[in-house]
Amino acid sequence: MTIFNTTDPRDIPAYSISEAAHYLGVPSSTLRSWFAGQTYSHQGVSRQFRAVIQPVDAKRLGLSFSNLVEAYVLTAIRRKHHIGLQTTRRGLAFLTEKLGTKRPLLEEQFATKGAELFVERVGEIINLSKNGQIEIADLIHAYLERVERDAKGLPIKLYPFMRSQPPREQPRTVVIDPRVSFGRPVITGTGIPTAALAEQFKAGDSVPVLAKEYGASEEAVWDAIRCELDLKAA
């Protein structure tokens, strides 16, 4: 059982499943299964997958910033090869044993050697080719590069993806920081909430006008809008 430090802003419930799913670009049902488990039927028998990540508020399924980062790393794991929930859990259990931590997705050790260990174990379970293992590891590292850490190696900022281009080509225009704007996304280097820009955009303000009004680049304003609205609306 993970013990959370609720005096740390990183471990305070701040996001619903739907909010976190929107920021991470994954289906709410997928995120819910990671944090609450999933019931499924096999040959007419009801079975249950246990959760992969422990939410800070299990009763209400409230997620913290740290939970958001854990789910973000799992997103990288599943993004290309769609590794199943059960396989993922077994890989994480292996990491817990090897790294000696209950939250391997959150700690710096995952960024240094844990990703390779995880991918190696997953490859053993599902017979991934060598090339497939390399692709997964590269993708995970591309995601991890967008997590900023403190001196202790714990996450303090997350720069979510706002575009469909390759991960390493995307700028860090939007940031989620639990110490700024109650953990809601803002334009990087400012306290400008993406939600405020999206609301004004929906109300009819153009991107050039918003960029001038807030002293931000048009590129950053567009990404702020994408963060809050469906791409079709932006």
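The values are calculated or read from the model by the stated rules, or taken from the named source; none is laboratory data. Predicted model only: the values in this text are computed from it and were never measured. Don't worry about glycine lacking a Cβ; one is built from the backbone with ideal geometry, like all the others, and counts go over all protein chains shown.
Give the number of residues within region 147-158 that are within 18 Å of Leu63 (Cβ to Cβ) and either at pLDDT 95 or above or touching a Phe, Trp or Tyr at 6+ places or on another chain (Cβ under 9 Å) (or both).
5
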Self-check item: Unique residue being at pLDDT 85 or above, under 16 Å from the mean Cα position of the chain (by Cα), assigned to a loop (DSSP other than H, G, I, E, B) and surrounded by fewer than 15 Cβ atoms within 10 Å (Cβ to Cβ) when the list is Arg163, Arg172
Solution: Arg163
Exercise. Quick one: which residue in Ala233, Ala203, Ala216, Ala198 is modelled with pLDDT under 95 and either charged (D, E, K, R) or not assigned by TED's automatic domain parsing to the domain that holds Leu68 (or both)?
Key: Ala233
Quiz item: So, in region 176-206, of the ones that are assigned to a loop (DSSP other than H, G, I, E, B) and of a type in the set (Val, Ile, Thr), which residue ends up surrounded by the most Cβ atoms within 10 Å (Cβ to Cβ)?
Solution: Ile192
Quiz item: Checking Ala216 against (1) over 17 Å from the mean Cα position of the chain (by Cα); (2) crowded, with 20+ Cβ neighbours inside 10 Å; (3) assigned to a loop (DSSP other than H, G, I, E, B); (4) touching a residue at least 40 places away in the same chain (Cβ under 8 Å), which single condition isn't satisfied?
Solution: (4)
Self-check item: Out of Phe110, Phe118, Phe65, sole residue that is over 18 Å from Ser18 (Cα atoms) and either in contact with a strand residue (DSSP E or B) (Cβ under 8 Å, 6 or more places away or on another chain) or in contact (Cβ under 8 Å) with a residue 40 or more places away in the chain (or both)
Solution: Phe118
Quiz item: If you go through region 65-87, how many residues are on the phi > 0 side of the Ramachandran plot and buried (at least 24 other Cβ atoms within 10 Å of the Cβ)?
Solution: 0
Quiz item: Looking at this structure, is Ser46 among the small types (Gly, Ala, Ser) and closer than 20 Å to Thr96 by Cα?
Solution: no
Quiz item: Looking at (1) surrounded by 15 or more Cβ atoms within 10 Å (Cβ to Cβ); (2) of a type outside the set (Lys, Arg); (3) more than 17 Å from the chain's Cα centre (by Cα), which is the one condition that is false for Val209?
Solution: (1)
Self-check item: Options Gly37, Gly25, Gly62: the member that is surrounded by 13 or more Cβ atoms within 10 Å (Cβ to Cβ), on the phi > 0 side of the Ramachandran plot and within 16 Å of the chain's Cα centre (by Cα)
Solution: Gly25
Quiz item: Does any residue of region 39-48 turn out to be touching a Pro at 6+ places or on another chain (Cβ under 6 Å), of a type in the set (Phe, Trp, Tyr) and in the same structural domain as Arg78 (by TED's automatic domain parsing)?
Solution: no
Practice problem: Find all pairs meeting these conditions: Cβ atoms under 6 angstrom apart; at least six residues apart or on different chains; first residue within region 160-172 and on the phi < 0 side of the Ramachandran plot; second residue polar (S, T, N, Q). | Solution: Phe161/Gln170; Arg163/Gln170; Arg172/Thr188
Quiz item: Of all the residues that make up region 91-109, how many are within 22 Å of Phe49 (Cβ to Cβ) and either surrounded by fewer than 17 Cβ atoms within 10 Å (Cβ to Cβ) or within 17 Å of the chain's Cα centre (by Cα) (or both)?
Solution: 9
Exercise. Find the residue count for region 96-139, including only residues that are among the polar types (S, T, N, Q), within 19 Å of Gln86 (Cβ to Cβ) and outside any helix (DSSP H, G or I).
Key: 1
Quiz item: Could you list, in sequence order, the residues of region 45-83 that are outside any strand (DSSP E or B) and of a type in the set (S, T, N, Q)?
Solution: Gln54, Ser64, Ser66, Asn67, Thr75
